Amino acid sequence: MRIKIASHSGFCFGVKRAINIAEKTLKESKDSNNIYSLGSIIHNPQVVEGLSKKGLKVIKDITNIKKGVVIISSHGTTIEAIKKIRDKQLDLIDATCPFVKSAHNIVKDLKASGYRIVIIGDKKHPEVKALLSLAGRKTKGNKIAVISQTTQSKNNYLKGVARLLKKDFNELRIFNTICNDTAHRQALTRELLKECDVMVIVGGKNSANTRRLWHICKESGVDSYHIETDVELKKEYFSGKRCVGVVSGASTPDAMVQSVVKKIKRKRGI
Ligand code: SF4
């Protein structure tokens with residue numbers, strides 16, 4: 001059995017940046033008991049666990065926080081949460097990915113120009129919640145603008161845009177806010193699907209971009225398994241298979257991908 005690993009793996013720029021910000025804050029802070037991240041700083045439980053061993057505390061909201069530093073995750077947060085942090089005079093460190101920030105700026109400009117803003121993405125995801133809080137709830141008006149969650153697949157986005165085209169409007173503005181890293185990983189996944197008869201997708205079960213890769217694989221009809229670590233691999237995944245493709249999400253460390261590949265080799269006696 002051949003093993004084909006996507007040529008682009010490991011952390012994306014935004015995830016690497018957020019981890020560096022968290023590690024620097026942990027190292028330099030004089031009050032190491034009060035360093036918080038609002039939500040998981042990135043969506044990879046094993047990496048978050050590593051940071052929490054160094055002292056980073058993940059919180060869902062800041063209601064009970066009285067002092068210290070709050071780090072905004074790579075996904076960004078709502079304007080209401082930012083206001084609460086400022087009102088409580090906590091130190092705020094922003095690790096929002098610059099690509100996500102760029103989507104924020106687009107939304108702010110569109111809102112100021114009176115557009116109804118449509119966001120295509122998972123409304124429970126922190127990135128989309130933040131975009132919704134910036135966009136407001138304007139439901140009337142015939143100037144419409146549409147943007148995407150940064151980790152959306154292009155196909156889904158295009159389907160959403162096609163639905164909007166059927167609505168009544170005078171003007172429709174379409175922004176491509178899917179980040180380059182996401183687009184690149186999805187394209188490489190589609191390439192591997194042409195050659196492989198089983199796919200292993202490595203990354204957090206809570207990671208939107210990893211789950212998107214898994215959906216792309218499932219939709220193709222190829223047997224596909226989304227795992228977080230090598231421990232989840234089963235020998236039967238590879239029984240009778242000719243080629244396994246290994247892809248990973250943007251918040252998956254390279255070392256995790258390498259240990260998955262090693263384990264596949266061991267299981268297959270390669
Ligand atoms: S996947 Fe893209 S948008 Fe998300 S953190 Fe990485 S670079 Fe930023």
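Before moving on, here are some points about what is shown:
- Selection status of SER133, among the small types (Gly, Ala, Ser), at pLDDT below 95 and surrounded by 17 or more Cβ atoms within 10 Å (Cβ to Cβ): no
- Residues of region 176-186 classified as outside any helix (DSSP H, G or I) and within 12 Å of the ligand (Cβ to nearest atom), total: 3
- Odd one out for ILE72 among (1) within 20 Å of SER133 (Cβ to Cβ); (2) in contact with a Pro (Cβ under 9 Å, 6 or more places away or on another chain): (2)
- Tally of residues being touching an Asp or Glu at 6+ places or on another chain (Cβ under 8 Å) and basic (Lys, Arg) across region 33-68: 2
- Here THR151, THR210 are screened, and the one residue that is polar (S, T, N, Q), at pLDDT 95 or above and crowded, with 20+ Cβ neighbours inside 10 Å is THR210.
- Restricting attention to region 242-254, the residues being exposed (fewer than 15 other Cβ atoms within 10 Å of the Cβ) and either within 16 Å of the ligand (Cβ to nearest atom) or modelled with pLDDT under 95 (or both) number 1.
- Restricting attention to region 187-218, the residues being within 16 Å of the ligand (Cβ to nearest atom), in contact with a helix residue (DSSP H, G or I) (Cβ under 6 Å, 6 or more places away or on another chain) and assigned to a helix (DSSP H, G or I) number 4.
- When residues of region 12-46 are limited to those that are within 22 Å of VAL261 (Cα to Cα) and modelled with pLDDT under 95, the one nearest to the ligand (Cβ to nearest atom): HIS43
- Residue pairs whose Cβ atoms lie under 7 Å apart, separated by 6 or more positions or on different chains, with the first residue in region 66-91 and outside the structural domain of GLY136 (by TED's automatic domain parsing) and closer than 20 Å to LYS124 by Cα and the second in a strand (DSSP E or B) and within 14 Å of the ligand (Cβ to nearest atom), are ILE72/ASP94.
- Meets criteria (in contact with a helix residue (DSSP H, G or I) (Cβ under 6 Å, 6 or more places away or on another chain), in contact (Cβ under 8 Å) with a residue 12 or more places away in the chain and either more than 16 Å from the ligand (Cβ to nearest atom) or aromatic (Phe, Trp, Tyr) (or both)) for ILE117: yes
- If you check LYS123, LYS111 for being in contact with a Leu (Cβ under 9 Å, 6 or more places away or on another chain), charged (D, E, K, R), surrounded by fewer than 19 Cβ atoms within 10 Å (Cβ to Cβ) and within 30 Å of ARG190 (Cβ to Cβ), only one passes: LYS123.
- Unique match (being within 24 Å of ILE42 (Cα to Cα), in contact with a Cys (Cβ under 9 Å, 6 or more places away or on another chain) and of a type in the set (S, T, N, Q)) among THR77, THR150, THR96: THR150
The values are calculated or read from the model by the stated rules, or taken from the named source; none is laboratory data. Computed from a prediction, not measured in an experiment: that's the story for all the values here. Cβ: placed from backbone, ideal geometry, glycine included. Neighbour counts: every protein chain shown.
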